[in-house]
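Participant: Structure incoming, see below.
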Amino acid sequence: MALSLVVLVALPALSLPLTAQEAEAAMPDGWTMRLDRAGGSAPGFEAMPPGWHITTGPAGIFYDPAKTASGTFRVESEVFQFDPGTRNEAYGVFIGGKDLDVDSQSYTYFLIRRDGSYLVKRRDGSGTSNVQGWTSHAAVVSWENRGEGEATARNVLAIEAGGEALLFFVNGQEVFRTSREGQHVDGIVGLRANHGLNIHVSTLDIQPIG
């Protein structure tokens, strides 16, 4: 998979920055995005089987409003990060999305970054707060530990929403858990990418559990 993705991203990685209008027009059917800030070049987000390719641009979220989860469920996503240079920017998934197109937006997000650490955070309107601040964990494949000759760092992120707890996994290993109460859980599921990233997301699966 990692070797084949080198070919897949050659053109997107070299493409010129898009305007916001061009980026919206290129979005796959049903998908939309919301950037953290307006202005500047927009990210590229396009369907590229298997999955989607993202090159940022300012940070933001990418989602299909039809992709939702509620009750007890598991969300899992396989992500390949291409050469980040010296940047230590984060990417991952979010759950519990509500009002994503207005000022009262809210969601809980789970991110990793090139240095092998993870973050769990929530957004409430224009503000964000840490559920678990940046924490190093051996389960996260860092860029430096991606494997000899590998063009990407591959990680699988998952969130399990149980009746009482939220569990967070990287590559099949639990890295954090917290109470479900008080978190944004039921709602839209999507992707988040900070600025200056080149990643390929091969899957975004939602499965009921329990």
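Participant: Would you check which residues across the stretch 97-139 are surrounded by 11 or more Cβ atoms within 10 Å (Cβ to Cβ), within 14 Å of residue 36 (Cβ to Cβ) and either in contact with an Asp or Glu (Cβ under 8 Å, 6 or more places away or on another chain) or among the hydrophobic types (A, V, I, L, M, F, W, C) (or both) and list them?
Facilitator: Of everything in the stretch 97-139, those that are surrounded by 11 or more Cβ atoms within 10 Å (Cβ to Cβ), within 14 Å of residue 36 (Cβ to Cβ) and either in contact with an Asp or Glu (Cβ under 8 Å, 6 or more places away or on another chain) or among the hydrophobic types (A, V, I, L, M, F, W, C) (or both) turn out to be 100, 105, 111, 125.
Participant: Residues being closer than 15 Å to residue 176 by Cβ, among the polar types (S, T, N, Q) and part of a loop (DSSP other than H, G, I, E, B): count how many of those fall in the stretch 88-147.
Facilitator: So the count comes out to 0.
Participant: Just for the stretch 172-209: of the residues that are in a loop (DSSP other than H, G, I, E, B) and among the β-branched types (Val, Ile, Thr), which one is farthest from residue 54 (Cα to Cα)? Don't jump to the end; show me each part of the working.
Facilitator: The first filter runs over the stretch 172-209 and keeps only residues in a loop (DSSP other than H, G, I, E, B), leaving 172, 180-186, 194-197, 202-204, 209.
With among the β-branched types (Val, Ile, Thr) added as a condition, the list becomes 185, 203, 209.
Working: 185: 25, 203: 13, 209: 29 Å.
The residue in question is 209.
Participant: Return the residues of the stretch 149-168 that are touching a residue at least 60 places away in the same chain (Cβ under 8 Å) and either closer than 24 Å to residue 188 by Cα or part of a strand (DSSP E or B) (or both); say none if nothing qualifies.
Facilitator: Listed by number, the residues that qualify are 153, 154, 155, 156, 157, 158, 159, 160, 161, 162, 163.
Participant: Return a yes/no flag: does the stretch 94-106 have any residue that is more than 18 Å from residue 205 (Cα to Cα), without any contact (Cβ under 8 Å) to a residue 24 or more places away in the chain and touching a strand residue (DSSP E or B) at 6+ places or on another chain (Cβ under 7 Å).
Facilitator: Applying the first criterion (more than 18 Å from residue 205 (Cα to Cα)) to the stretch 94-106 yields 98-106.
Still in the running and without any contact (Cβ under 8 Å) to a residue 24 or more places away in the chain: 99, 102-104.
Add one more test, that the residue is touching a strand residue (DSSP E or B) at 6+ places or on another chain (Cβ under 7 Å), and what stays is 99.
Yes: the stretch 94-106 contains one or more residues that are more than 18 Å from residue 205 (Cα to Cα), without any contact (Cβ under 8 Å) to a residue 24 or more places away in the chain and touching a strand residue (DSSP E or B) at 6+ places or on another chain (Cβ under 7 Å).
Read the figures in this text as sums done on the coordinates, not as results from a lab. The structure presented is a predicted model; accordingly, all values stated were derived computationally and were not measured. Using ideal geometry, Cβ is built from the backbone for each residue, glycine included, and neighbour counts are taken over all protein chains shown.
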